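Sending over a structure as structure tokens; questions will come in a sec.
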Amino acid sequence: MPIRPKQDLHVETTGLTGFAKMSRRSVVALLAGTFLAGSMLVSNPVFAQDAKSTLVVAGPRTPESLDQEYPPTEAVHEVRRNVYERLLGYAAKEDGGIKYEDFSKLEGCLAESWDLAPDKKSITFHLRKGVKSNKGNELNADAVMWSFERGWNTKANFYWYMTQILKITSFEDSFKKVDDYAVSVSIPNPSPLLDRLWVNSDLGIVDAAELKKHVTDEDKWGGRWLSSNSASFGPYFVSKYSPGQEVIYEANPNYYRGEAKIKKVIFKEMPTSANRVAALQAGSVDVAEYLLPRELALLEKAPGVKIWKVFGNYIHRVEMNNTTKPFTDPKVRQALNYLVPRDDILKAVYFNTARPTKSPISEIYPGFTDEYFSYATDVAKAKALLAEAGYPDGFKTELGYRTGDQIEEELAVILKSAFSKAGVDVTLSKLPASTLVERYTKGEIPMYFFRDMAIVPDAAYVANLWLNSGSLIDYSRFKNDEVDKDINEGLTTTDEASRLEKMKRVQQITMENAPWVFLFNPGYQLATRANVGGFSWYTPNGNAWVDFSKQ
């Protein structure tokens with residue numbers, strides 16, 4: 001559940017500033033030397049065993065916080081997937097050697113079983129006995145209830161799910177301890193998501209016994225301590241947290257599914273993707289996250305490297321402020337969609353690793369339809385629409401993108417040129433991520449890039465997140481009464497046929513009104529050394545180290 005955009009915070013500090021001043025060749029040489037030194041150590045059987053159980057990862061930034069109530073970013077999502085265990089999960093399925101979630105089949109995680117009321121207004125979780133955190137504290141109903149209470153009172157992620165999706169208004173009325181190993185949740189209205197919502201790692205259970213040791217009168221829920229420490233029942237705990245430098249995960253020896261094959265994960269912050277590429281090629285890291293499409297295309301041909309690819313659920317788009325002229329007129333918004341040279345962008349920017357976005361709903365989710373997408377590149381049609389809207393000569397506007405985001409910069413240049421063909425004069429504003437987010441959340445910039453994913457595989461959830469005018473992240477300020485009504489009904493009705501029909505109508509209205517410039521689903525790609533296996537993909541797009549292995 002991203003209630004804020006993934007790139008709303010930007011870490012400028014790094015422990016690798018020396019790399020930024022070196023040439024690519026120098027970096028490769030240095031890292032290769034490091035790798036050779038490490039190879040000599042591996043000749044010792046003890047070190048060889050350590051090498052097989054240690055994973056070194058290079059990513060663009062360390063997580064801003066370890067607290068699951070922190071606003072979600074890509075780095076924070078990855079922490080949650082590895083540290084916080086959930087009550088329920090989806091069963092696993094495999095395709096092409098990659099593990100995926102089977103959205104049609106729920107299974108127990110911390111809850112061994114659960115009872116969903118026929119009217120879908122209450123659910124009871126029966127907890128596994130003997131589940132322990134890395135500190136040896138046992139999971140029980142008190143730990144779960146305190147975790148719920150903490151989430152409710154911190155008024156962040158947990159609270160958003162409970163109030164916005166499940167429509168809960170009173171904690172005391174909704175959350176109950178049934179016995180030492182069972183808790184129940186009751187809601188005012190039926191919800192088709194009452195069971196599936198608990199799959200999210202945003203709703204992990206904290207180790208209350210450990211966290212309570214660190215609460216103070218000023219910090220009743222331990223947020224200050226949990227921001228840089230971990231306390232949960234997941235496969236890993238964080239043993240070292242150095243923001244801007246590295247995070248070290250260590251396997252929870254008490255994990256209820258059994259201790260992970262990878263005993264230690266060393267996550268290194270390397271902001272520049274070229275440095276991550278060099279480190280991977282040299283063998284100094286096992287995994288390189290978030291590389292550019294052109295880098296991935298080159299690495300596919302490199303010896304000793306493997307590229308894992310999934311299309312996933314990202315949506316990368318340009319949002320227009322629908323309350324700022326000329327974007328108050330849907331014909332103007334439609335016109336810009338007809339000006340996008342999607343085929344050219346696919347080849348030049350994404351190297352054919354992306355898919356055009358043809359709906360506001362993620363294409364891999366139930367309820368998706370692309371039958372209302374009609375925006376082929378058509379300059380003449382765009383000009384005609386602008387003329388009908390009263391802008392026969394075009395207009396001037398501004399498009400914001402993030403400093404340091406090469407993909408967005410390339411897209412911005414291409415779109416500026418494409419829009420100019422209909423007389424739309426675009427000023428490109430390259431802004432720090434925090435500045436850009438501040439401007440579009442306040443409605444102070446007419447157009448801006450936005451990349452996000454909805455992590456609940458449900459069309460009503462996705463639509464509510466981005467299109468409901470009551471949503472906290474309807475930054476485009478799109479408002480349509482029929483859309484709002486259909487979304488709200490989709491969140492409360494248990495008639496699946498009716499829900500799907502309403503969500504189909506929501507997609508139709510959205511595509512006709514074009515609140516965004518629909519661009520691409522860029523997919524998710526991961527580069528690893530060839531001896532790394534077990535890649536898995538989950539909807540938050542964070543790697544689950546418990547699934548990985550090394551030969």
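Which three extents, in angstrom, do the Cα atoms of the chain have along their principal axes, listed largest first?
Principal-axis extents of the chain (Cα, largest first): 71, 63, 47 Å.
Note down the magnitude of the dipole of segment 214-332 about its Cα centre, charges +1 on Lys and Arg C-beta and -1 on Asp and Glu C-beta and zero elsewhere, to the nearest 20 debye. Present the calculation step by step, with values, prior to reporting the outcome.
On the way: 16 positive and 13 negative charges, 92 e Å.
Magnitude of the dipole: close to 440 debye.
Also, quick follow-up: Which one of His316, Pro271, Leu292 has its Cα pushed farthest toward the positive end of the charge dipole of segment 237-356, where Lys and Arg give +1 and Asp and Glu give -1 at the Cβ?
His316
Which lysines have a Cα less than 23 Å from the Cα of Lys220, not counting those fewer than 8 places away in the same chain?
Lys135, Lys155, Lys176, Lys177, Lys212
Please calculate how many Å² of accessible area the chain carries per residue, with a 1.4 Å probe and no DNA, RNA or ligand atoms counted. Spell out each step's value before the answer.
On the way: 21340 Å² over 551 residues.
Roughly 39 Å² per residue, with all protein chains present.
While we're here: Hey, if you put +1 on the Cβ of every Lys and Arg and -1 on every Asp and Glu Cβ in the chain, which of Phe175, Phe450, Gly390 ends up farthest toward the positive end of that dipole?
The one lying farthest along the dipole's positive direction is Phe450.
Name the residue from Pro192, Val215, Asn252 whose Cα lies farthest towards the positive end of the charge dipole of segment 183-263, charges +1 on Cβ of Lys and Arg and -1 on Cβ of Asp and Glu.
The residue sitting farthest along the positive end of the dipole is Asn252.
Could you look at segment 294-387 and say what percent of its accessible area is carbon and sulfur, using a 1.4 Å probe and all protein chains?
Values: 2060 of 3920 Å².
In segment 294-387, the share of accessible area belonging to carbon and sulfur is 52 percent.
List the residues, sorted by chain then number, that are 5 or more residues from Trp516 or on another chain and whose placed amide H is less than 5 Å from its amide H.
none
May I pose another question? To the nearest 20 debye, what charge dipole does segment 462-551 have about its Cα centre, counting +1 at the Cβ of each Lys and Arg and -1 at the Cβ of each Asp and Glu? All intermediate terms of the calculation are to be shown ahead of the outcome.
Numbers: 9 positive and 11 negative charges, 100 e Å.
In total the dipole reaches around 480 debye.
Let me ask something additional. Quick one: Karplus J couplings for segment 438-450, per residue in order, coefficients 6.51, -1.76, 1.60, θ = phi - 60°, nearest Hz, x for Gly and Pro?
Each residue of segment 438-450 in turn: 4, 5, 7, 5, 8, x, 9, 9, x, 9, 7, 7, 9 Hz.
So if we plug the beta-carbon distance of Lys105 and Ser53 into 1/(1 + (r/R0)^6) with R0 = 35 Å, what FRET efficiency do we get, rounded to 0.05?
Plugging the Cβ-Cβ distance into 1/(1 + (r/R0)^6) gives 0.70.
Sticking with this structure for a sec: Among bridges DSSP assigns within the chain, what percent are antiparallel (round to 5)?
In the chain, approximately 75 percent of DSSP beta bridges are antiparallel ones.
Now for a separate question. Search the structure for amide H atoms under 5 Å from the amide H of Cys109, placed 1.01 Å from N in the peptide plane, and list their residues when 5 or more places away or on another chain.
Result for Cys109 returns Leu88, Gly89.
Let me ask something else. Before anything else, pin down the relative contact order of segment 84-160: Cα pairs under 8 Å, at least 6 apart, normalised by residue count, whole percent. Walk me through the numbers before you get to the answer.
Values: 87 pairs, mean separation 13.3, N = 77.
The normalised contact order for segment 84-160 reaches 17 percent.
What relative contact order, as a whole-number percentage, does the chain give when Cα pairs under 8 Å and 6 or more residues apart are counted? Walk me through the numbers on the way to the answer.
Numbers: 1171 pairs, mean separation 115.2, N = 551.
About 21 percent, as a whole number.
If you don't mind, there's one more thing I want to ask. Expressed as a fraction of 2.2 N^0.38 Å, the rule-of-thumb size for a compact globular protein of N residues, what is the C-alpha radius of gyration of segment 498-544? Kindly include the intermediate steps, with their values, before the conclusion.
Numbers: Rg = 17.6 Å, N = 47, 2.2 N^0.38 = 9.5 Å.
So the Cα radius of gyration is 1.85 times the expected 2.2 N^0.38 Å.
Read phi for every residue in segment 511-519 and hand back ³J(HN,Hα) as whole Hz from Karplus 6.51 cos²θ - 1.76 cosθ + 1.60, θ = phi - 60°, with x for Gly and Pro.
With coefficients 6.51, -1.76 and 1.60, one gets 5, 5, 8, 6, x, 10, 8, 6, 10 Hz.
Report ³J(HN,Hα) in whole Hz for each residue of segment 398-408, in order, from the Karplus equation J = 6.51 cos²θ - 1.76 cosθ + 1.60 where θ = phi - 60°; Gly and Pro get x.
3J(HN,Hα) across segment 398-408, in whole Hz: 10, 10, x, 9, 8, 4, x, 9, 5, 4, 5.
Still on this model: Can you send over the carbon and sulfur percentage of the accessible area for segment 182-246, probe radius 1.4 Å, protein chains only? Walk me through the numbers before you get to the answer.
Working: 990 of 2210 Å².
Ligands and nucleic acids excluded, carbon and sulfur give 45 percent.
Taking 26 Å as the cut-off for C-alpha to C-alpha distance, list the pairs among Lys129/Lys213; Lys105/Lys479; Lys167/Lys325; Lys331/Lys421; Lys167/Lys213; Lys309/Lys421 that go past it.
On the way: Lys129/Lys213 23 Å; Lys105/Lys479 34 Å; Lys167/Lys325 34 Å; Lys331/Lys421 16 Å; Lys167/Lys213 32 Å; Lys309/Lys421 35 Å.
Check vs 26 Å cut-off fails for Lys105/Lys479; Lys167/Lys325; Lys167/Lys213; Lys309/Lys421.
Quick check: convex hull over the Cα atoms of segment 111-254, volume per residue in Å³, rounded to an integer?
Working: hull volume 17.4 nm³, N = 144.
Convex hull of Cα atoms, per residue: 121 Å³.
Bin width 5 Å, alpha-carbon pairs only: give the P(r) of segment 434-524 as whole percents, running from 0 to the bin holding the largest distance.
2, 13, 22, 23, 19, 12, 5, 2, 0
In addition: For the chain, give the magnitude of the charge dipole about the Cα centre (Cβ charges: +1 Lys/Arg, -1 Asp/Glu; no others), in debye to the nearest 20. Please report the intermediate quantities before stating the final value.
Numbers: 67 positive and 70 negative charges, 290 e Å.
Here the chain has a charge dipole of around 1400 debye.
For Phe311, enumerate residues with amide H under 5 Å from its amide H, sequence gap 5+ or separate chain, H modeled in the peptide plane.
Tyr524
Which value at 222 nm does the chain reach when only helices count, each DSSP H run of 4 or more adding -39,500 (n - 2.57), with the total divided by all residues and rounded to the nearest 500 deg cm²/dmol? Let's see the in-between values first.
Values: 19 runs with 176 residues, N = 551.
Result for the chain, helices only: -9000 deg cm²/dmol.
Please give the FRET efficiency for Glu300 paired with Glu496, using the beta carbon to beta carbon distance and R0 = 45 Å, rounded to the nearest 0.05. Numbers along the way, then the final one.
Numbers: r = 41 Å, r/R0 = 0.91.
The formula returns an efficiency of 0.65 here.
Right, here's the next one. Please compute the modelled spin-label separation between Asn153 and Phe351, points set 7 Å along Cα→Cβ, answer in nm with one decimal.
Taking the two extended label points, one gets 5.1 nm.
If you don't mind, there's one more thing I want to ask. Express in Å², to the nearest 10, the accessible area of Ser170 obtained by rolling a 1.4 Å probe over the protein heavy atoms while all chains stay in place.
Roughly 30 Å² of Ser170 is accessible to a 1.4 Å probe.
Could you compute the longest span of the chain free of trypsin sites (Lys or Arg not before Pro) located in DSSP loops and having at most 10 other Cβ atoms within 10 Å, not counting the site residues?
Working: sites that count: Lys21, Lys301, Lys442.
Here the longest segment lacking exposed loop sites spans 22-300.
Work out how much length Lys416 to Ala91 would gain on full extension: take 0.36 nm times their residue separation and subtract the Cα-Cα distance, in nm to one decimal.
Values: separation 325, 0.36 × 325 = 117.00 nm, distance 4.46 nm.
Value of the extension gain: 112.5 nm.
The values are calculated or read from the model by the stated rules, or taken from the named source; none is laboratory data. On a predicted model such as this, the values are computed, not experimentally measured, just so you know. No Cβ is skipped: glycine too gets one built from the backbone with ideal geometry, and neighbour counts run over all protein chains shown. Please note that ligands, DNA and RNA were not included when accessible areas were found on the heavy atoms of the full protein model with its side chains. Shrake-Rupley method; radii C 1.70, N 1.55, O 1.52, S 1.80 Å.
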